[in-house]
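The values are calculated or read from the model by the stated rules, or taken from the named source; none is laboratory data. Keep in mind it's a predicted model, so treat the numbers as computed, not measured. Note: ideal-geometry Cβ built from the backbone for every residue, glycine included; neighbour counts use all protein chains shown. Keep in mind that these areas ignore ligands, DNA and RNA; they rest on the heavy atoms of the full protein, side chains included. Shrake-Rupley method; radii C 1.70, N 1.55, O 1.52, S 1.80 Å.
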Amino acid sequence: MGNTLHAKYGLKRVINASGRMSILGVSAPSDTVMEAMKQGGQSYVEIADLVEKAGDHIARILGSEAAVIVNSASSGIALSVAAIVTQGNRRRSERLHQEFIPKNEIIILKGQNVQYGAPVETMVYLGGGKLLEVGYANEGRAEHIEDAISDNTAAILYVKSHHAVQKNMISVEEAWDVAQRNGVPLIVDAAAEEDLQKYVKYSDLAIYSGSKAIEGPTSGIVAGKRSFIEWVKVQLHGIGRSMKVGKETSFGLLQALDEYMIKEDKSEQEKASLQVLMPLNDIAGVHVTVVQDEAGRAIYRGRVQINAQKTGITAIEVAERLQNGEIAIYTRDYGVRQGYFDIDPRPLLGDDIAVIEAKIRELTGGR
């Protein structure tokens, strides 16, 4: 079906070896998730009722007081900031950005103000917040946050992400201690995290992507303390109106979440599937190993290191040619300037991994 649609609109076949990436459509939901979206989309429902009931269902699963579905983790940041800056005041929420609210500073560790497809700071400002970076690019300590708290502090934002600096950064538990000690709300952006029940324990609002680990449709979840979630819901009639969620998306996400909580851990099979890449080690200048995710998740990837002096082609060039080929192969290319790229087995379908192996072999002269 996918290939027929691709042909109809003149789209390339894409092999996604980069992970749950928004530029490729994040994930491929299961048939049962798509069926829930079909049923949900083809019937009517009172949206306000769906917002409440869906939120209650999600909160029960996550172990939080309350929750609300939003259209992405990105909008979750903007809506959470708007909720706390306006404190759920309807007039302020409707007139966000029109009048100055002094208590609008959002403290973030410098190493966590990342670009994930859009800058974190853009979402903070969209929500009516003003970002205050503390600490250093290579160090984020509890006192960096604590010393910056003032009468204008609205919240602390902690970004748990592989994009963020990992070394010399305090943990989410330590950030929560600082927030609690000082009576300041903590927002945790845990967009791609797999342990959904952890982050609601160490935050007032926790944000997850519905389409990354959960593998639902494009969507997000904000979960946390009931009073804060009620403030977030007020934003749905303000800036959130431009980020609204379709009924089919809500039903798809609920189904995906139910499936996710009973999903078997496939990390060992995924790790084993990477063995298909190992014969590439026979090519002079190519070295393939298996590495674990940098943020500590149970995700294993194939790391392909290219010695350009031996292969006559750099890792940057290999990654670019893989992307621009007849079949677009997207690798996880954060390390290309250091001479390597990674193959994430989780989104691979059918014969994808064999196609990747053959193409890398061809590009590095090992045919």
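Computed values, structure above
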read-out: Accessible-area order (highest first, 1.4 angstrom probe) of the listed residues His163, His97; value: His97, His163
read-out: Carbon/sulfur fraction of accessible area - segment 191-247, other protein chains in place, 1.4 Å, %; value: 48
read-out: For the chain: Kirkwood Rh in Å [reciprocal of mean 1/r, alpha carbons]; value: 21.9
read-out: Rg over Rh, two decimals, segment 305-367 (C-alpha only, Kirkwood Rh); value: 0.94
read-out: Percent accessible area from carbon and sulfur atoms, segment 78-189, protein chains only, probe 1.4 Å; value: 43
read-out: Rg(Cα)/(2.2 N^0.38 Å) for segment 233-306, N = residue count; value: 1.81
read-out: Hull shadow area, averaged, segment 166-259 [alpha-carbon convex hull, nm²]; value: 7.1
read-out: Those lysines that a straight Cα-Cα span of less than 24 Å connects to Lys359, excepting residues fewer than 8 apart in one chain; value: Lys12, Lys271, Lys310
read-out: Taking the convex hull of Cα positions in segment 41-161, its mean projected area over all directions (nm²); value: 9.7
read-out: Radius of gyration and maximum dimension Dmax of segment 210-259, Cα, Å; value: 11.8, 32
read-out: Cα principal axis extents for segment 92-167, largest first, Å; value: 40, 30, 14
read-out: Prolate/oblate/rounded call for segment 219-366, Cα gyration tensor, a/c under 1.5 rounded; value: prolate
read-out: C-alpha long axis of helix 47-62 to longest principal axis of the chain, angle in °; value: 70
read-out: Computed [θ] at 222 nm, deg cm²/dmol, the chain (DSSP H ≥ 4; -39,500 (n - 2.57); rounded to nearest 500); value: -10500 deg cm²/dmol
read-out: Along the chain, longest interval not containing exposed GluC sites (Glu not before Pro), exposed being DSSP loop plus at most 11 other Cβ atoms within 10 Å; value: 100-263
read-out: Residue-level accessible surface for Leu96, protein heavy atoms, 1.4 Å, Å²; value: 20
read-out: Segment 17-105: trypsin sites (Lys or Arg not before Pro) falling in loop per DSSP and having at most 16 other Cβ within 10 Å; value: Arg95, Lys103
read-out: Average accessible surface area per residue within the chain, 1.4 Å rolling probe, Å²; value: 47
read-out: Degrees separating the helix 172-182 axis from the principal Cα axis of the chain, which is the longest one; value: 20
read-out: Area projected by the alpha carbon convex hull of segment 145-209, averaged over all directions, nm²; value: 4.6
read-out: Candidate lysines for bridging to Lys225, where Cα separation is under 18 Å - those fewer than 8 sequence places away on the same chain excluded; value: Lys53, Lys198, Lys201, Lys233
read-out: FRET efficiency, Gln269 to His237 (Cβ-Cβ, R0 56 Å, nearest 0.05); value: 0.80
read-out: Formal net charge of residues neighbouring Lys160 (Cβ-Cβ distance under 14 Å; K, R +1; D, E -1); value: -4
read-out: Charge sum, other residues only, whose C-beta stays under 12 Å from Ala137's C-beta, Lys/Arg counted +1 and Asp/Glu -1; value: 0
read-out: Sum of side-chain charges, Gln98 neighbourhood, beta-carbon under 15 Å (Lys, Arg +1; Asp, Glu -1); value: +2
